[in-house]
C-alpha cells in the first residue's frame with residue numbers, strides 16, 4: 001500500500017499531482033462562490049450553490065488523499081528534506097480541514113442564495129494554502145529518485161514441436 005501511495009509503481013510521486021488537482025477544484029469552488037454572490041450567469045443561483053458545495057466536498061476528499069500520500073512520503077524523505085516534508089504534510093492536513101469545514105458550513109446553509117461568508121472565507125484560505133503547498137510539494141518530490149523495483153523476468157515457454165503419430 002505504501003508503494004501505491006508513494007507512486008513507485010507509476011514511476012512518479014502522486015503527491016504533487018493530487019495537490020494540483022485539489023488546487024484546480026479549489027479554484028472552481030472560489031469561482032462558483034463568486035458566481036453565486038454576484039449572480040453571474042443565472043437568475044437563480046441555487047444550482048451554483050449546490051455545485052459549489054459538491055466541488056468543495058470533492059476538494060476535501062482529494063486533499064485527504066494528498067495528506068495520506070504526504071504522510072507516506074514523509075517517512076521516506078531524506079534527512080535534509082524532513083522539515084519540508086513535515087511542512088507539506090501539515091499543509092495538506094490544513095487544506096483538508098479547511099475544505100471539510102467549508103463543506104459542513106455549506107451543508108448547513110444549503111438553501112441560501114449564496115454560500116455563507118464563513119464557507120467562502122474557509123474555502124479562500126484553503127485555496128491560498130493550496131497554492132503555497134503546491135510549490136512545496138512540487139519542489140520536494142519532483143527530483144525524488146527511487147531504486148529500481150525488482151521485476152520478474154518473463155520468459156515465454158517454447159512450445160515443443162509436436163511429433164507426428166506414425
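All of the numbers you see were taken from the coordinates with simple rules; none came from a lab. Remember, predicted model here, so these are calculated numbers, not experimental data. Cβ sites come from the backbone with ideal geometry, for glycine too, and all protein chains shown count toward neighbours.
Over 18 Å, how big is the tail of the calculated P(r) for the stretch 13-141, in percent of all Cα pairs? Considering the stretch 13-141, 49 percent of its Cα-Cα pairs are separated by more than 18 Å. Calculated FRET efficiency, residue 90 to residue 61, Cβ-Cβ distance, R0 = 22 Å: about 0.70 to the nearest 0.05. A quarter of the convex hull surface defined by the alpha-carbon atoms of the stretch 51-124 gives 4.8 nm² as the mean projection.
Only Cα pairs under 8 Å and 6+ residues apart enter the sum, and on that basis the relative contact order of the stretch 13-141 stands at 36 percent. Roughly how many nanometres apart are two label points built 7 Å out from the Cα toward the Cβ at residue 112 and residue 50? That separation, rounded to one decimal, is 1.8 nm.
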